[in-house]
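Engineer: Structure provided below as structure tokens; questions to follow.
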Amino acid sequence: MSKVVVVTSGKGGVGKTTSSASLGAALAQAGNKVVVVDFDVGLRNLDLVMGAERRVVFDLVNVVQGDAKLPQALIRDKRIDTLSLLPASQTRNKDALTEEGVGRVIDELRESFDWVVCDSPAGIETGAMMAMRFADLAVVVTNPEVSSVRDSDRIIGMLDSKTLRAENGERLEKQLLLTRFDAARAARGEMMTVDDVLEILAIPLLGIIPESPDVLSASNVGCPITLHNPGSAAGRAYRDAARRLLGEDIAFSAPRERRGLISRLFGRKAAA
Amino acid sequence: MSFLGFLVRGRRSAPVARDRLQILLQHERALNGGADLAAILQQEILAVIAKHFPIDRDRVVVKLDRGDQISTLEIDIEMPEAALARN
């Protein structure tokens, strides 16, 4: 049984594309056949983050409109052979995506892959709607920051009303992926805690990705962090999140930083 | 700003963020869900009544009025004479 996952957030810049690439890679590394689909037509970036930018020939819009066959547009990852990418078009706009066409492509992808990971564009317009439309479950990417949490709340409302599953009265599972989390700042009361965000959004937790320079390093070189730096805190956090998606029961490690009074005072002064 | 103020500035701002969000989202959820809520309530109330006696769907009116201070939910069900007489 294949699963269609939408990675969404409402707000831009919170880590949807990074998370799509990392979760997709981690699922594939665990032996699943995975395709990651870029729905950000006009502003494609998943190809760049996954290091396949020079291999794009056909794209999602070509396949949706019938100008190319699906196998022609799929790019197989050179490092993980069970991982593929379906890039977005860079020259078109999101209105080129029709519901009927996207539905047909998703159905075809379901036949060949265990996981179809849909990387949603920011916003609540056509592109985001198309990315979530056929999802079986949603990963809501959120930063512990007021505007991101507010937009995630809005997106959760849309997942509950605008998806095919919601319209058919079926359950659409939604899980929170908290990214750019800084445990030390949260412990000092400078950042909302995991519990704060969970209480506000009221959906189960899929993973906590710590704020880490390793994430940028991985995207710099076009390699998902679970492959580029699997031992890093962020790499391990993405791998754990993927394993939870696969149904494994993995405890959340509390990456709390214990700091003494002197270092806390010093740290605060240095940061101010 | 005092030296002490400078030190505590930025401290414990997270609870403020949480509280602001909770108040804002309570309001926004009501607004976003509101359009459909009246229609859903009307459907469900109709379904419950229809279990016991036939009723014209125009005779169940559900109105949701939102004000700044107070919101009201008005449900107006006109009972058919015949149905009541039979029971």
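Engineer: If you take the residues of segment A:201-214 that are surrounded by fewer than 21 Cβ atoms within 10 Å (Cβ to Cβ) and assigned to a helix (DSSP H, G or I), which of them is farthest from the other protein chains (Cβ to nearest Cβ)?
Structural biologist: Within segment A:201-214, the first condition is being surrounded by fewer than 21 Cβ atoms within 10 Å (Cβ to Cβ), and the residues that meet it are A:202-205, A:210-214.
Next cut, assigned to a helix (DSSP H, G or I) only: A:213-214.
On the way: A:Pro213: 22, A:Asp214: 25 Å.
The extreme case among them is A:Asp214.
Engineer: Of all residues in segment A:128-163, count the ones that are within 14 Å of chain B (Cβ to nearest Cβ), touching a strand residue (DSSP E or B) at 6+ places or on another chain (Cβ under 8 Å) and of a type in the set (Gly, Ala, Ser).
Structural biologist: The total comes to 2.
Engineer: Just to be sure I understand, how many residues within segment A:69-126 are touching a strand residue (DSSP E or B) at 6+ places or on another chain (Cβ under 7 Å), in contact (Cβ under 8 Å) with a residue 60 or more places away in the chain and among the hydroxyl-bearing types (Ser, Thr, Tyr)?
Structural biologist: 1
Engineer: Next question, about the same structure. A:Leu172 fails exactly one of the following numbered conditions: (1) within 16 Å of A:Ser152 (Cα to Cα); (2) over 17 Å from the mean Cα position of the chain (by Cα). What is the number of that condition?
Structural biologist: (2)
Engineer: Can you find a residue in segment B:16-30 that is within 14 Å of chain A (Cβ to nearest Cβ), within 30 Å of A:Glu190 (Cα to Cα) and at pLDDT below 80? Talk me through it step by step, then tell me what you get.
Structural biologist: Kept after step one, since they are within 14 Å of chain A (Cβ to nearest Cβ), are these residues of segment B:16-30: B:16-30.
Retained after the next criterion (residues that are within 30 Å of A:Glu190 (Cα to Cα)): B:16-30.
Among the residues that remain, those that are also at pLDDT below 80 are: B:30.
There is at least one residue in segment B:16-30 that is within 14 Å of chain A (Cβ to nearest Cβ), within 30 Å of A:Glu190 (Cα to Cα) and at pLDDT below 80.
Engineer: Within segment A:28-42, does at least one residue satisfy the condition of being polar (S, T, N, Q), crowded, with 19+ Cβ neighbours inside 10 Å and in contact with a Ser or Thr (Cβ under 8 Å, 6 or more places away or on another chain)? Before the answer, list the steps.
Structural biologist: Quick first cut of segment A:28-42, residues polar (S, T, N, Q) only: A:29, A:32.
Then keep just the ones that are crowded, with 19+ Cβ neighbours inside 10 Å; that gives A:29, A:32.
Adding the requirement that they be in contact with a Ser or Thr (Cβ under 8 Å, 6 or more places away or on another chain) leaves A:29, A:32.
Yes.
Engineer: Condition first: among the small types (Gly, Ala, Ser), open to solvent by 40 Å² or more (accessible area, probe 1.4 Å) and over 22 Å from A:Ser89 (Cα atoms). Now tell me which residues in segment A:113-146 satisfy that. Before you say what the answer is, go through the steps one by one.
Structural biologist: If we filter segment A:113-146 for residues that are among the small types (Gly, Ala, Ser), which is where we start, we get A:120, A:122-123, A:127-128, A:131, A:135, A:138.
Next, only the ones that are open to solvent by 40 Å² or more (accessible area, probe 1.4 Å) stay: A:122.
If the condition is that a residue be among the small types (Gly, Ala, Ser), open to solvent by 40 Å² or more (accessible area, probe 1.4 Å) and over 22 Å from A:Ser89 (Cα atoms), then no residue fits.
Engineer: Which condition from (1) modelled with pLDDT of 95 or more; (2) farther than 17 Å from A:Val7 by Cα; (3) open to solvent by less than 30 Å² (accessible area, probe 1.4 Å) is the one that A:Ser89 breaks?
Structural biologist: Single failed check for A:Ser89: (1).
Engineer: Output the qualifying pairs, or none if there are none: Cβ atoms under 6 angstrom, residues six or more apart or on different chains, first residue in segment A:178-197 and at the interface with another protein chain (Cβ under 8 Å from one of its Cβ atoms) and in contact (Cβ under 8 Å) with a residue 40 or more places away in the chain, second residue part of a loop (DSSP other than H, G, I, E, B) and open to solvent by less than 20 Å² (accessible area, probe 1.4 Å).
Structural biologist: These pairs meet every condition: A:Met191/A:Pro144; A:Met192/A:Pro144.
Engineer: Take A:Ser217 and tell me if it is away from chain B (no Cβ under 14 Å) and closer than 28 Å to B:Ala17 by Cβ.
Structural biologist: Values: away from chain B (no Cβ under 14 Å): yes; closer than 28 Å to B:Ala17 by Cβ: no.
Here the answer is no, as A:Ser217 does not meet what is asked.
The values are calculated or read from the model by the stated rules, or taken from the named source; none is laboratory data. Everything numeric here is computed off the predicted structure, so don't read it as measured data. Cβ sites come from the backbone with ideal geometry, for glycine too, and all protein chains shown count toward neighbours. We work out accessible area using only protein heavy atoms, side chains counted, and drop any ligands, DNA or RNA first. Shrake-Rupley method; radii C 1.70, N 1.55, O 1.52, S 1.80 Å.
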